Amino acid sequence: MILYLGRRLLGVVGVLIAIAAVTFTIFYVLPSDPAAAACGKSCSAERLEAIRAHMGLDQPLWRQFGDFVTGIFTGRTMGSGPYALHCGFPCLGYSYENSQGVWDLLMDRLPVSASLALGAAVIWLLLGLSAGVVAALRKDSLTDRALMIGAVAAASLPVYFTSVMLIYGLIRVAGLLPYPQYVPLGSDPLSWASNLLLPWLALAILYAAMYARQSRSSMIETMAEPYIRTARAKGLPRRTVVVKHGLRAGMTPILTIFGMDLGGLLAGAVITESIFGLPGIGRLFYGALSTGDQPVILGVTLLAATFIVVANLAVDLLYAVVDPRVRY
Amino acid sequence: MNKRTSISLAAALMATLTLAVSGCSGGSGSTGQDRNGGRNPATGTNGTTVGGTPTKGGTLTVLSNQDFTHLDPARNWVMGDMGFGVRMLYRTLVTYKAQPGAQGGELIPDLAEDLGVSSNGAKTWTFKLKKGLKYEDGTPITAADVKYNVERSFSPDLPGGPDYAARYLAGAEGYQGPAQGKHLDSIKTPDDHTIVFELRRPFAEFPYATVLPTFAPVPKARDKGPQYDNRPFSSGPYKIERYDRDKQLVLVRNPHWDAKTDSVRKAYPDKVVVTMGLKANQIDDRLVASSGTDASSVPWAKLRTESTPKVLTKADVRARLLAESSNCVEMVQMHTGRAPFDNVKVRQAVQYALDREAVMTASGGPALNELASALMPGTLFGGKQPDTLKIPATGDPAKAKQLLKEAGKPDGFATSITVSNGDKGVGEAIQQSLGRAGIKVTIETVDASAFYDTIGDTKNRTDLVYTGWCPDYPSGSTFLPFVFDGRYIKEKGNSGNHSLFRDQPTMKRMDEIAAMTDAQQANEAWRQLDGQILAQAPTAPTVVERMPLLVGTNIAGAYGHTSFGGQIDYATVGLKDPAKSGR
């Protein structure tokens with residue numbers, strides 16, 4: 001188990017360095033010039049060179065990448081003279097746009113994205129799994145049909161459509177809720193929840209529909225297994241058969257996609273955050289993309305990759321808990 | 001000023017909004033009803049103040065879809081951001097009057113006692129600072145602090161700011177800022193209240209340059225290099241309480257700012273909150289409804305084209321709309337160094353074939369634009385652009401065909417135009433109108449973030465590009481030389497002169513005008529030169545953009561300031577009833 005974990009963690013680091021290298025190379029070969037963008041209009045060639053040197057962009061690719069990777073582990077000093085800044089571990093550099101530390105920016109935005117992702121996950125798991133299980137147990141009944149038609153409909157609604165509809169219906173027409181504005185959980189839990197309610201719903205509707213369909217088919221398959229028949233034959237109560245034997249085994253594929261989904265969302269739901277004006281990592285990423293803020297793009301990419309890789313690892317470890325047949 | 005920043009922001013919005021809004025706006029074809037009338041429904045509030053005189057107190061909210069590019073005075077060079085910075089946080093040697101309309105282009109002393117005294121044939125400029133000026137901590141503002149910030153603006157660590165100091169100060173070549181303990185000898189501060197600038201050539205308009213945030217004071221002890229951008233130290237009526245980049249900026253009163261030393265800023269609200277990162281369509285809807293604290297709010301970005309019907313159709317809402325000219329003139333710029341556009345007749349044919357009315361409709365209609373008939377915006381002509389060519393607004397295809405015939409192209413020709421992805425509709429309007437004269441145009445749409453790099457590559461770019469220019473201050477010297485001086489052309493990263501116009505008599509005349517010491521005479525000369533360049537048709541001007549801003553019902557003292565790109569003048573805006581602003 002320990003050996004397995006060690007091997008996997010090493011793999012995680014390898015994957016992250018590879019992703020950083022690819023992202024870095026893409027920026028390096030792209031024609032855009034961050035120094036020119038920073039310099040602004042009517043920039044003299046001489047000043048452009050000075051700015052490029054101060055941004056470290058005059059160095060060869062391997063050197064820039066080497067500095068970046070070592071900086072993550074040991075920190076590094078950026079700039080020179082009285083303006084020099086020490087960027088401590090884990091140093092991801094400074095934003096070209098607003099000179100803020102990329103790590104600080106990410107940590108500042110993470111609570112927003114995490115609030116959004118976790119809250120939505122609770123809703124979609126509750127809705128999706130219960131709908132899926134009910135539909136599976138009443139296979140081919142009217143309830144099943146209704147639930148699955150609803151799920152197909154909900155899954156076909158893109159999040160930007162649901163978001164706009166929710167804003168239009170609940171805020172503009174009915175006036176039930178204010179325009180969302182992020183309030184930290186610590187400062188006021190109630191307004192944290194009421195402000196996040198719409199974004200949660202917008203995101204959860206889509207995922208709940210997919211999870212309902214997934215868990216339905218998974219449950220149908222599991223409930224047809226011989227061991228379920230055995231359990232029934234032993235005279236176990238229906239509740240125990242469904243929850244303890246059926247649901248537990250049927251959840252394995254759901255767990256896999258849940259790990260990926262949650263990992264991806266923790267690093268920002270770009271569209272949802274943008275539409276609801278939530279200052280999360282997704283909006284940070286979107287802003288960085290449109291201004292070509294490479295350190296931030298790289299930072300978000302790495303954070304997102306970390307979440308997905310780590311979520312995958314966590315899922316694999318959880319298999320052992322869910323499915324007794326799995327051993328490491 | 002380059003349009004890079006505003007365009008990339010607009011396009012960034014556009015990208016999400018096309019996804020977000022198509023579902024519920026239902027506002028397409030919004031501008032059609034105004035086409036034939038020709039009158040501008042938005043000019044009702046032009047040059048006037050909305051909401052009367054404000055009452056002191058309360059919280060003014062600014063609803064914004066973006067963060068400021070730079071609030072560090074050495075780096076602040078985006079029109080609206082400059083207006084906000086110099087009205088709220090830092091004072092400059094000289095500033096613009098806080099007046100609506102053309103008077104907003106007039107200068108008034110700010111930190112200085114007068115508009116500067118020139119000697120040595122406008123090569124030496126001396127400013128005397130007022131007495132009793134203080135920073136937010138009560139320490140005195142000195143001439144050395146102004147000098148220090150001008151020096152900072154040369155630092156490669158602090159890029160992005162205006163480069164007028166670099167272009168005019170003597171001995172500034174190769175200077176890299178004060179970080180290594182090096183200082184500019186051409187700025188002298190004989191005492192705490194006197195600052196003298198030595199220029200390398202005569203510059204009669206130097207006081208206009210001293211309006212720029214480069215000429216605001218920064219005390220050396222407070223300078224934190226690039227981090228200063230996140231917390232500029234105040235010499236103005238407000239100081240920063242907190243600034244969460246891209247989220248919120250909260251300003252509170254600077255108790256050490258003395259109204260008696262300041263004849264410009266009224267500082268009505270007690271507190272100013274800028275909420276950032278909101279969706280533009282939601283800002284528009286909130287301001288139309290104007291309920292709760294939204295009534296005490298003003299927008300940062302301009303009203304979206306899609307939202308105009310919601311505003312123009314209701315008289316009470318329309319009365320709250322500001323629409324000052326942004327002074328940005330859009331143009332179809334032709335590659336004069338390449339066939340067939342090296343032929344003046346071909347270029348004139350484009351001017352005649354162009355349907356400016358259609359371009360205006362595609363740009364949002366007459367509420368958001370006015371037709372352009374000259375190169376420089378109206379403010380540089382003292383109010384209104386002249387119409388020297390007298391081409392009908394919808395173009396004259398017959399005349400265009402005749403010009404093409406004279407140029408030896410009776411059957412027309414094929415060419416292509418590059419437009420930013422936000423201007424796709426404009427591209428189509430140009431394509432259709434030039435098609436009437438037999439010029440077949442292919443449209444190349446480029447993402448806004450890559451637009452200036454693409455059109456700045458003079459070898460590989462298309463024959464035509466669609467872009468504009470906005471003057472830094474109301475003088476022809478910040479317009480015509482940037483757009484039509486052949487000596488500014490760069491093979492890569494070219495900006496401004498996208499027609500690659502290189503005409504010896506024009507350049508000679510520009511130098512002559514720049515050397516004039518009488519500003520009035522110089523202005524008149526720029527105006528004449530404008531017409532002479534237009535006759536050679538390096539570009540075809542299409543529209544002058546407006547800055548439509550819808551303010552809340554509790555807002556008073558609001559007008560678009562003509563010298564800050566039509567952005568609200570933050571020196572005078574306030575609330576009718578501070579008690580209603582909440583918080």
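Here are the numbers:
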read-out: Residue identified as within 17 Å of the chain's Cα centre (by Cα), of a type in the set (Ser, Thr, Tyr), more than 10 Å from chain A (Cβ to nearest Cβ) and farther than 21 Å from B:Ala204 by Cβ among B:Thr467, B:Thr458; value: B:Thr467
read-out: Residues located in the range B:414-435, provided they are buried (at least 17 other Cβ atoms within 10 Å of the Cβ) and either of a type outside the set (Ser, Thr, Tyr) or over 33 Å from the mean Cα position of the chain (by Cα) (or both); value: B:Ile417, B:Val419, B:Asn421, B:Gly422, B:Asp423, B:Val426, B:Gly427, B:Ala429, B:Ile430, B:Gln431, B:Leu434
read-out: The range B:264-289, subset at pLDDT 95 or above, surrounded by fewer than 20 Cβ atoms within 10 Å (Cβ to Cβ) and not β-branched (Val, Ile, Thr), residue nearest to B:Thr61 (Cα to Cα); value: B:Lys271
read-out: Flag if A:Pro34 is under 28 Å from B:Gln176 (Cβ atoms), more than 24 Å from the chain's Cα centre (by Cα) and buried (at least 17 other Cβ atoms within 10 Å of the Cβ); value: yes
read-out: Which numbered condition A:Ile149 misses (of (1) within 14 Å of chain B (Cβ to nearest Cβ); (2) assigned to a helix (DSSP H, G or I)); value: (1)
read-out: Unmet requirement for A:Asn312, which otherwise passes all of (1) surrounded by 20 or more Cβ atoms within 10 Å (Cβ to Cβ); (2) in contact (Cβ under 8 Å) with a residue 24 or more places away in the chain; value: (1)
read-out: Residue match in the range B:353-366 (condition: surrounded by fewer than 18 Cβ atoms within 10 Å (Cβ to Cβ) and under 28 Å from B:Arg318 (Cα atoms)); value: no
read-out: Residues (modelled with pLDDT of 95 or more and of a type in the set (Gly, Ala, Ser)) located in the range B:75-102; value: B:Gly83, B:Gly85, B:Ala98
read-out: Residue among A:Thr252, A:Thr256 that alone is over 30 Å from B:Ile283 (Cβ atoms), without any contact (Cβ under 8 Å) to a residue 60 or more places away in the chain and surrounded by 14 or more Cβ atoms within 10 Å (Cβ to Cβ); value: A:Thr256
read-out: Within the range A:264-286, tally of residues that are crowded, with 22+ Cβ neighbours inside 10 Å and assigned to a helix (DSSP H, G or I); value: 12
read-out: Test: residue in the range B:297-304 that is touching a Ser or Thr at 6+ places or on another chain (Cβ under 7 Å) and modelled with pLDDT of 95 or more; value: yes
read-out: Positions within the range B:199-250 being on the phi > 0 side of the Ramachandran plot and more than 14 Å from every other protein chain (Cβ to nearest Cβ), in sequence order; value: none
read-out: Evaluation of B:Ala448 against (1) modelled with pLDDT of 95 or more; (2) over 19 Å from B:Asp355 (Cβ atoms) (one fails), failing number; value: (1)
read-out: Residues satisfying the stated conditions in the range B:494-508, i.e. of a type in the set (Gly, Ala, Ser) and away from every other protein chain (no Cβ under 13 Å); value: B:Ser499
read-out: Unique match (being outside the structural domain of B:Tyr268 (by TED's automatic domain parsing), under 18 Å from B:Ile391 (Cβ atoms) and in a loop (DSSP other than H, G, I, E, B)) among B:Met331, B:Met360, B:Met376; value: B:Met376
read-out: Options B:Leu500, B:Leu529, B:Leu534; residue that is touching a strand residue (DSSP E or B) at 6+ places or on another chain (Cβ under 9 Å) and assigned to a helix (DSSP H, G or I); value: B:Leu534
read-out: Number of positions in the range B:304-339 that are surrounded by fewer than 20 Cβ atoms within 10 Å (Cβ to Cβ) and farther than 29 Å from B:Gly557 by Cβ; value: 3
read-out: Residue in the range B:146-155 that is over 25 Å from the mean Cα position of the chain (by Cα), over 30 Å from B:Val62 (Cβ atoms) and within 14 Å of chain A (Cβ to nearest Cβ) present; value: no
read-out: Condition check for B:Val311: of a type in the set (A, V, I, L, M) and within 14 Å of chain A (Cβ to nearest Cβ); value: no
read-out: All positions within the range A:46-81 that are of a type in the set (Asp, Glu) and within 11 Å of chain B (Cβ to nearest Cβ); value: A:Glu46, A:Glu49
read-out: Residue, modelled with the lowest pLDDT, within the range B:334-357, restricted to residues that are of a type in the set (A, V, I, L, M, F, W, C) and not in a helix (DSSP H, G or I); value: B:Ala339
read-out: Filter result (out of contact with any helix residue (DSSP H, G or I) (no Cβ under 8 Å at 6 or more places or on another chain) and among the small types (Gly, Ala, Ser)) within the range B:308-346; value: B:Ala315, B:Gly337, B:Ala339
read-out: Hits in the range B:290-328 - residues which are touching a Lys or Arg at 6+ places or on another chain (Cβ under 8 Å) and part of a helix (DSSP H, G or I); value: B:Thr293, B:Asp294, B:Ala295, B:Ser296, B:Val311, B:Leu312, B:Val317
read-out: Restricting the range A:161-211 to residues that are part of a loop (DSSP other than H, G, I, E, B), more than 10 Å from chain B (Cβ to nearest Cβ) and among the small types (Gly, Ala, Ser), the residue that is farthest from the chain's Cα centre (by Cα); value: A:Ala174
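Yes/no per residue for (1) modelled with pLDDT under 85; (2) of a type in the set (D, E, K, R):
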{"position": "A:Val164", "(1), (2)": "no, no"}
{"position": "A:Tyr179", "(1), (2)": "yes, no"}
{"position": "A:Asp188", "(1), (2)": "no, yes"}
{"position": "A:Asn195", "(1), (2)": "no, no"}
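The values are calculated or read from the model by the stated rules, or taken from the named source; none is laboratory data. Note that the structure is a prediction, hence the values are computed from the model and not measured. Cβ sites come from the backbone with ideal geometry, for glycine too, and all protein chains shown count toward neighbours.
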